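Everything below concerns the one structure shown next.
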Amino acid sequence: MSAVLTAETADELISTNPATGEEVGRVVTAAPEDVQAAVEGSREIFHKWKTTSFAERKALVMRAREIILADIDGIAKLISAESGKPFGEAISMEIAPVLDLMQWVARGAEKMLRPKRVGIGLYGLLGRSSKKIYKPYGVVGIIPAWNYPFSIPLGEAAMAVMAGNSVVIKPSELTPLVGEKIGEIFETSGAPDGLVQIVHGAGETGAALVDAAPDKLMFTGSVATGKKIAKAAAENLTPTVLELGGKDPMIVFEDANLELAAGGAVWGAFCNAGQSCSSVERLYVHESVADELTRLIVEKTRALKQGSGDHEDVSIGPMSSERQLKIVEDHVAAFREAGAKIEFGGNADIPVRHAEDADKSVRVPLFFPPTVITGATNDMRSMREETFGPTLPIATFKTEEEAIALANDSEFGLTASVWTRDYAKGRRVAEQIEAGSVCINEVLYTHGIGQTPWGGFKNSGRGRTHGIEGLMELVQPQHIHTNRIALLPNAWWMPYTPTAVETFRGFATKFASGSLLKTTTMMPQLLKRLKELLKR
Ligand code: NAD
């Protein structure tokens, strides 16, 4: 139902609104040679851009913020139309967080990337000093998913540009117009021609971008595509950050504020129609409060309106694509077959509950109702594979150890949350969970805190975006080492002699101990060696 490539429009991507089936717009796709040319052109721009000051880069990114702010509703409408997410959510979960990330990186990049002295221990006694400087990679290729089509690629592009790189983005084929908008924002902000380029197309265009050998790749998407990209990138040894899928657990202890936990679970599982990499996809609750938590969750879910994202009172939109809808239907069916109980939802034929949408004569089949499931266990297939839809399966546990073991029993490790009034227990449990981010009495939203590292453990990814760690992914450290007493040869230079070997023993046993006291005892041997070298 969404963007399609057809024979007559082989060079066009048609983007459609998943809530209505109506065309949102179309873009021209790039052939592999266009992608290659984009990367080559980008490299030329890079050589100029890398010489700009942080002040110039900051001015560009801050202007881009102003341009977004001036058209906040227009951009939110476009995001909502292409992805199906509610208009308000496009503002709260995409525009607001990326604006914050942009101001943070624009203001802070210079300090974070300032040259730093490196302590080199006893080498300092020999008159040596070291510092590291951070150099941009060059062309950063960005291949995002469709679920956060604005904030993820724009945030990565802003960070890349602040670090002195140029950028080529291949937006998801489901959300090309949002990608186009990102290019337009940089253009209107006065970015040099081609600093942030957009190339359109589906997987093959993404593959062409990988093959065009950018200097760094930032990929967001499924594990399966991530593996293909890692293989293809290895051909050119292109360093790659992979932001992949999740099956994120939420642990609710018996002492948690259940009202809050229920609200967190509903938002965590159903925002963006469950199509967030950090969606709650497994809820583990202490058996003593499972019934009460389920009751609260069902009550809150029943109150939600589902429909076209352009209505301000709609909380849940459609699935973004038919492919996603099928996965959700399959997972819910598998839960049923395995003996789990559907407490609410579970049937894609439930009419859309927004009155105006329900009245539409043509029914768009991409809606799936928010679905609450109990009796889930980790051996069910749907508790192991990423669903990426509005399902909230609930399982129970008896002890803290069991809760941790259940949460960690997954190939994924993106985020997790722990709900308890006992903060010491919360931290203790959080630190034992194998995930890139763990929240205590909070859920899902930390991608929105640009200052913090974002990325997964296990199959959820490699590398980080956001935070200083994410900025460091976009630069290469260069070590500059200086010898300030450039008068004498080094004791370890050639020619080697018995005196040299004795001195090397001293280096191994005394100097390499890190002890100044021990090192001073090797001075006579060192002087002997230097005299020997000077005589030659
Ligand atoms: P996907 O892997 O199908 O596609 C992602 C992107 O890769 C798209 O732009 C696509 O065109 C491109 N692509 C496809 N095949 C390619 C190839 N062979 N070479 C290069 N590029 C190729 O994923 P999706 O369905 O768009 O997104 C959903 C997935 O993204 C979920 O698994 C979700 O968890 C994950 N995700 C992760 C994060 C994170 O931060 N970890 C954030 C958002 C989404």
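Rounded to whole Hz and in sequence order, give me ³J(HN,Hα) for segment 113-121 from the Karplus expression 6.51 cos²θ - 1.76 cosθ + 1.60, θ = phi - 60°, writing x for Gly and Pro.
Going residue by residue, I get 9, 5, x, 10, 6, 10, x, 10, x Hz, with x marking Gly and Pro.
Which angle from 0 to 90°, rounded to the nearest 10, does the C-alpha axis of helix 72-83 make with the longest principal axis of the chain?
Between the helix axis and the principal axis of the chain, the angle is about 70 degrees.
Are there any trypsin sites (Lys or Arg not before Pro) in segment 440-526 that are in a DSSP loop and have at most 12 other Cβ atoms within 10 Å? List them by number.
Filter output for segment 440-526: Arg484.
Could you name the aspartates and glutamates in cross-link range of Lys425, using Cα to Cα under 19 Å and dropping any fewer than eight places away on the same chain?
Those aspartates and glutamates meeting the cut-off are Glu254, Asp255, Glu287, Glu400, Glu401, Glu402, Glu434, Glu442.
Measure nothing fancy, just the Cα-based angle from helix 223-234's long axis to the longest principal axis of the chain, in degrees from 0 to 90, nearest 10.
Once rounded, one gets 30 degrees.
Calculate the length of the line joining the C-alpha centroid of segment 246-320 to that of segment 194-229, in whole Å.
Answer, in whole Å: 33.
Exactly which GluC sites (Glu not before Pro) in segment 1-104 are in a DSSP loop and have at most 14 other Cβ atoms within 10 Å? Could you put the intermediate results ahead of the total?
Working: sites: Glu8, Glu12, Glu22, Glu23, Glu33, Glu40, Glu44, Glu56, Glu66, Glu82, Glu89, Glu94; in loops: Glu8, Glu22.
When the GluC sites (Glu not before Pro) of segment 1-104 are filtered for loop state and at most 14 Cβ neighbours within 10 Å, Glu8, Glu22 remain.
Report the net charge of residues surrounding Leu126, where surrounding means a beta-carbon distance below 14 angstrom and charges are Lys +1, Arg +1, Asp -1, Glu -1. Numbers along the way, then the final one.
On the way: positive: Arg128, Arg484, Lys510, Arg529; negative: none.
That sum, taken over residues with Cβ under 14 Å, equals +4.
Could you check the spin-label model distance between Leu530 and Val118? Points 7 Å from the Cα along Cα→Cβ, value in nm.
Rounded to a tenth, the inter-label distance reads 2.5 nm.
How charged is the neighbourhood of Ala37? Take every other residue with its Cβ under 12 Å from the Cβ of Ala37, and add Lys/Arg as +1 and Asp/Glu as -1.
-3
Could you give the angle, 0 to 90 degrees to the nearest 10, between helix 423-432's Cα long axis and the longest principal axis of the Cα atoms of the chain?
70 degrees
So what is the relative contact order for the chain, in percent, with contacts set as C-alpha pairs under 8 Å and at least six apart?
Numbers: 1140 pairs, mean separation 89.4, N = 536.
It comes to 17 percent, rounded to a whole number.
Give me the number: length gained by fully extending Lys231 to Arg505, i.e. 0.36 nm times residue separation minus the C-alpha to C-alpha distance, one decimal in nm. Show your work: numbers first, answer last.
Values: separation 274, 0.36 × 274 = 98.64 nm, distance 4.43 nm.
This chain segment gains 94.2 nm when fully extended.
Mind jotting down the distance between the C-alpha centroids of segment 464-499 and segment 146-166, whole Å?
So the separation of the two Cα centres works out to 31 Å.
Ordered by residue, what ³J(HN,Hα) values in Hz, to whole numbers, does segment 415-421 give under the Karplus form 6.51 cos²θ - 1.76 cosθ + 1.60, where θ = phi - 60° and Gly and Pro are x?
So the J values, rounded to whole Hz, are 9, 7, 9, 10, 10, 6, 8.
Near the amide H of Phe457, under 5 Å away, which other amide H atoms are found, from residues 5 or more places off or on another chain, if H is placed in the peptide plane?
When sequence neighbours closer than 5 places are left aside, the close amide H contacts are Gly413, Leu414, Gly436.
Spin-label point model (7 Å from Cα, Cβ direction): what's the Thr482 to Thr51 distance in nm?
If labels sit at Thr482 and Thr51, their model points lie 2.4 nm apart.
Could you please report the charge total around Met494, scoring K, R as +1 and D, E as -1 over all other residues with beta-carbon less than 13 angstrom from its beta-carbon?
+1
Starting from the Kirkwood radius over alpha-carbon pairs of the chain, derive D by Stokes-Einstein at 25 °C in a medium of 0.890 mPa s and give it in µm² s⁻¹.
Translational diffusion coefficient: 96 µm²/s.
Which is the longest part of the chain that has none of the chymotrypsin sites (Phe, Trp or Tyr not before Pro) sitting in a DSSP loop with at most 16 other Cβ atoms within 10 Å?
That would be 1-491.
For segment 385-481, what is the largest minus smallest coordinate of the Cα atoms on each principal axis, given in angstrom and ordered from greatest to least?
Result, largest extent first: 57, 32, 22 Å.
Give the percent of DSSP beta bridges with both residues in the chain that are antiparallel, rounded to the nearest 5.
45 percent
Set the bar at 29 Å for Cα to Cα. Now go through Lys50/Lys170; Lys48/Lys170; Lys458/Lys510; Lys247/Lys398; Lys135/Lys518 and name every pair that lies beyond it. Walk me through the numbers before you get to the answer.
Details: Lys50/Lys170 22 Å; Lys48/Lys170 23 Å; Lys458/Lys510 41 Å; Lys247/Lys398 21 Å; Lys135/Lys518 38 Å.
Exceeds cut-off: Lys458/Lys510; Lys135/Lys518.
As a test of the formula, what do you get for the chain when each DSSP H run with n ≥ 4 contributes -39,500 (n - 2.57) and the sum is divided by the residue count, at 222 nm and rounded to the nearest 500 deg cm²/dmol? The partial results should precede the final answer.
Details: 19 runs with 216 residues, N = 536.
Computed mean residue ellipticity for the chain: -12500 deg cm²/dmol.
Every read-out reported here was derived from the displayed coordinates using simple, explicitly stated rules and does not represent laboratory data. The shown structure was predicted, so the numbers you read here are calculated from the model rather than taken from an experiment. So basically every Cβ, Gly included, is an ideal-geometry build from the backbone, and we count neighbours across all protein chains shown.
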